[in-house]
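For reference, the structure discussed in these notes is given below.
Only the coordinates and a few stated rules stand behind these numbers; no lab work does. Just so we're clear, the structure is a prediction, and the values are computed from it rather than from any experiment. No Cβ is skipped: glycine too gets one built from the backbone with ideal geometry, and neighbour counts run over all protein chains shown.
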Amino acid sequence: MDAVNDGDLSEPQRHVGNLIRRAQQLHLATWTRVASAEITSAQYSILLVLERRGEASQRELCDEVDLDRSTIADLVRRMQNAGLITRERSAGDARRNVVRLTELGAAERARLAPLVVEVQRELTGHLAAAEADALFHGLQAMLERPSSVEE
């Protein structure tokens, strides 16, 4: 840790993994309080992708939202049950499910949009602009790193 004198921090506070876990907990709590207790941030990401694309296969959603197939299948099932999306077999490929946004899903995406901005403001509003920018770019760079684990 070059940027921080890790001698000033006690275990486990000096470990990046612990800080990421705590930041994720903060994000989940803030999301639930500010945006929605019913629609998760991952589900919101699916709503955004479907709004942009019009439709997508579950595999395409996996790639766009960066989640595994079993997680996407569960999210799609729950979102379909909530009336946010429709899912049907592709006419051209019976192995492929095509997912589309419903009117309710589009309305929820629009309703949540300003709340998502508020979540981000609450999470990073106390940071200087350069710190918020560095956090964003640092997380992007970390996630773009090629995985050393076979998927």
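Structure notes:
- Virtual spin-label span in nm between Ala130 and Ala94, 7 Å along Cα→Cβ: 6.2
- Modelled FRET efficiency - R0 41 Å, Leu143 with Leu104, Cβ distances, 0.05 increments: 0.85
- For the chain, the relative contact order is 21 percent, taking Cα pairs closer than 8 Å that sit 6 or more residues apart in sequence and dividing their mean separation by the residue count.
- Pair-distance distribution of the range 10-143: all C-alpha pairs, bin width 10 Å, starting at 0; shares per bin in whole percent are 11, 35, 33, 16, 5, 0.
- FRET efficiency for the Ala73 to Gln25 pair, using the beta carbon distance and R₀ = 25 Å, is estimated at 0.50.
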